[in-house]
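Enquirer: First, the structure itself, so that you have it in front of you.
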Amino acid sequence: MSVVIGGAKETKRFKPIKTGNLLADGTEQTLLEFEGVAKIIGYVDLSAMMGDTIIIRQYMKIVEGGDYKKYAEQTIVGSQPEPLVYITPKETDVAILITLQQIAGILKRFPHSFMKED
(Lines give C-alpha, C1' and ligand atoms only; values in the text may rest on other atoms or scores of the structure.)
Protein backbone atom coordinates (compact mmCIF):
# COMPACT_ATOMS: atom_id res chain seq x y z
CA MET A 1 0.00 0.00 0.00
CA SER A 2 1.25 3.48 -0.87
CA VAL A 3 0.14 6.82 0.51
CA VAL A 4 -0.09 9.70 -1.96
CA ILE A 5 0.89 13.12 -0.63
CA GLY A 6 0.51 16.32 -2.65
CA GLY A 7 -1.60 17.67 -5.46
CA ALA A 8 -1.59 17.10 -9.21
CA LYS A 9 1.63 19.07 -9.78
CA GLU A 10 3.73 17.24 -7.19
CA THR A 11 2.67 13.76 -6.17
CA LYS A 12 4.90 11.79 -3.84
CA ARG A 13 4.25 8.22 -2.85
CA PHE A 14 5.26 6.92 0.53
CA LYS A 15 5.51 3.22 1.29
CA PRO A 16 4.99 1.99 4.88
CA ILE A 17 8.20 0.47 6.27
CA LYS A 18 7.42 0.01 9.99
CA THR A 19 4.46 0.30 12.32
CA GLY A 20 4.33 -0.72 15.93
CA ASN A 21 3.05 -0.16 19.44
CA LEU A 22 6.13 0.15 21.64
CA LEU A 23 5.72 -0.59 25.37
CA ALA A 24 8.18 1.74 27.12
CA ASP A 25 10.47 0.09 29.68
CA GLY A 26 12.48 3.10 30.89
CA THR A 27 15.45 2.47 28.58
CA GLU A 28 16.20 4.04 25.22
CA GLN A 29 14.25 1.83 22.79
CA THR A 30 14.27 1.71 19.01
CA LEU A 31 11.21 2.95 17.13
CA LEU A 32 12.91 2.67 13.74
CA GLU A 33 16.26 1.57 12.40
CA PHE A 34 16.51 1.80 8.63
CA GLU A 35 19.55 1.08 6.47
CA GLY A 36 19.75 2.13 2.83
CA VAL A 37 18.93 5.05 0.60
CA ALA A 38 15.57 6.66 1.38
CA LYS A 39 13.61 9.68 2.48
CA ILE A 40 11.91 8.75 5.77
CA ILE A 41 8.92 10.33 7.53
CA GLY A 42 6.97 9.14 10.53
CA TYR A 43 4.56 9.70 13.39
CA VAL A 44 4.57 8.83 17.09
CA ASP A 45 1.26 8.85 19.02
CA LEU A 46 1.54 10.36 22.52
CA SER A 47 -2.20 10.17 23.34
CA ALA A 48 -1.60 8.01 26.42
CA MET A 49 0.70 10.53 28.12
CA MET A 50 -0.47 12.13 31.36
CA GLY A 51 2.21 13.10 33.92
CA ASP A 52 4.87 11.35 31.87
CA THR A 53 8.14 12.50 30.32
CA ILE A 54 9.64 11.01 27.17
CA ILE A 55 12.66 11.75 25.02
CA ILE A 56 12.66 11.15 21.27
CA ARG A 57 16.16 10.97 19.77
CA GLN A 58 17.21 10.86 16.13
CA TYR A 59 20.55 9.55 14.89
CA MET A 60 22.18 9.26 11.47
CA LYS A 61 24.98 7.09 10.19
CA ILE A 62 26.68 8.91 7.32
CA VAL A 63 29.57 6.51 6.61
CA GLU A 64 29.28 2.79 5.85
CA GLY A 65 30.59 0.90 8.88
CA GLY A 66 30.55 4.10 10.95
CA ASP A 67 28.75 4.90 14.17
CA TYR A 68 25.42 6.63 14.66
CA LYS A 69 25.66 10.33 15.48
CA LYS A 70 22.82 12.11 17.32
CA TYR A 71 21.42 15.13 15.51
CA ALA A 72 18.14 15.78 17.32
CA GLU A 73 16.64 15.26 20.77
CA GLN A 74 13.19 16.30 21.92
CA THR A 75 11.92 16.07 25.51
CA ILE A 76 8.13 16.00 25.86
CA VAL A 77 6.37 16.38 29.22
CA GLY A 78 2.77 15.68 30.26
CA SER A 79 -0.49 15.44 28.39
CA GLN A 80 -0.27 16.75 24.82
CA PRO A 81 -3.07 18.84 23.28
CA GLU A 82 -1.74 17.75 19.87
CA PRO A 83 -0.56 14.23 20.66
CA LEU A 84 0.75 13.18 17.25
CA VAL A 85 4.49 13.91 16.84
CA TYR A 86 5.59 14.29 13.22
CA ILE A 87 9.10 13.06 12.45
CA THR A 88 10.07 15.46 9.66
CA PRO A 89 11.47 14.06 6.40
CA LYS A 90 15.06 12.86 6.63
CA GLU A 91 17.17 11.69 3.71
CA THR A 92 19.68 8.94 4.34
CA ASP A 93 22.14 7.11 2.15
CA VAL A 94 23.50 4.90 4.94
CA ALA A 95 21.24 4.55 8.01
CA ILE A 96 18.84 6.31 10.38
CA LEU A 97 17.84 5.42 13.95
CA ILE A 98 14.90 6.90 15.89
CA THR A 99 14.45 6.06 19.57
CA LEU A 100 12.06 6.74 22.44
CA GLN A 101 12.82 6.70 26.15
CA GLN A 102 10.21 7.23 28.87
CA ILE A 103 12.00 8.73 31.87
CA ALA A 104 9.07 9.58 34.18
CA GLY A 105 5.52 8.38 34.85
CA ILE A 106 3.71 5.09 34.47
CA LEU A 107 5.15 3.18 31.51
CA LYS A 108 2.95 3.53 28.44
CA ARG A 109 2.51 2.19 24.92
CA PHE A 110 3.48 4.42 22.01
CA PRO A 111 1.97 3.57 18.61
CA HIS A 112 4.16 4.68 15.71
CA SER A 113 4.32 4.53 11.93
CA PHE A 114 7.17 5.22 9.50
CA MET A 115 7.20 5.47 5.71
CA LYS A 116 9.76 5.99 2.96
CA GLU A 117 9.33 7.90 -0.26
CA ASP A 118 8.74 5.44 -3.07
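The values are calculated or read from the model by the stated rules, or taken from the named source; none is laboratory data. This one's a predicted model, so the numbers in the text were calculated from it and none came from an experiment. Cβ: placed from backbone, ideal geometry, glycine included. Neighbour counts: every protein chain shown.
Enquirer: Answer yes or no: is there a residue in segment 60-70 that is modelled with pLDDT of 95 or more, closer than 17 Å to Ala48 by Cβ and either in contact with a Ser or Thr (Cβ under 6 Å, 6 or more places away or on another chain) or not charged (D, E, K, R) (or both).
Expert: Checked against the condition, which is being modelled with pLDDT of 95 or more, closer than 17 Å to Ala48 by Cβ and either in contact with a Ser or Thr (Cβ under 6 Å, 6 or more places away or on another chain) or not charged (D, E, K, R) (or both), segment 60-70 yields no hits at all.
Enquirer: Tally time: how many residues in segment 76-94 are surrounded by 11 or more Cβ atoms within 10 Å (Cβ to Cβ), closer than 24 Å to Leu46 by Cβ and either under 17 Å from the mean Cα position of the chain (by Cα) or not small (Gly, Ala, Ser) (or both)?
Expert: Initial filter on segment 76-94 (surrounded by 11 or more Cβ atoms within 10 Å (Cβ to Cβ)): 76-80, 83-85, 87, 89-94.
Then drop every residue that is not closer than 24 Å to Leu46 by Cβ, which leaves 76-80, 83-85, 87, 89-90.
Now drop any that are not either under 17 Å from the mean Cα position of the chain (by Cα) or not small (Gly, Ala, Ser) (or both), which leaves 76-77, 80, 83-85, 87, 89-90.
Selection size over segment 76-94: 9.
Enquirer: Looking at Met49 and the list (1) assigned to a strand (DSSP E or B); (2) of a type in the set (A, V, I, L, M); (3) in contact (Cβ under 8 Å) with a residue 40 or more places away in the chain, which single condition is not satisfied?
Expert: Met49 satisfies every listed condition except (1).
Enquirer: Can you tell me which residues in segment 59-75 are within 18 Å of Ile17 (Cα to Cα) and either loosely packed, with under 11 Cβ neighbours inside 10 Å or touching a residue at least 40 places away in the same chain (Cβ under 8 Å) (or both)? Give the derivation first.
Expert: As a first pass, look at segment 59-75 and keep what is within 18 Å of Ile17 (Cα to Cα): 59-60.
Selection gives Tyr59 alone.
Enquirer: Which of the residues belonging to segment 53-77 are outside any loop (DSSP other than H, G, I, E, B) and of a type in the set (D, E, K, R)? Walk me through how you get there before you give the answer.
Expert: We begin by selecting, within segment 53-77, every residue outside any loop (DSSP other than H, G, I, E, B); these are 53-61, 69-77.
Within segment 53-77, Arg57, Lys61, Lys69, Lys70, Glu73 qualify.
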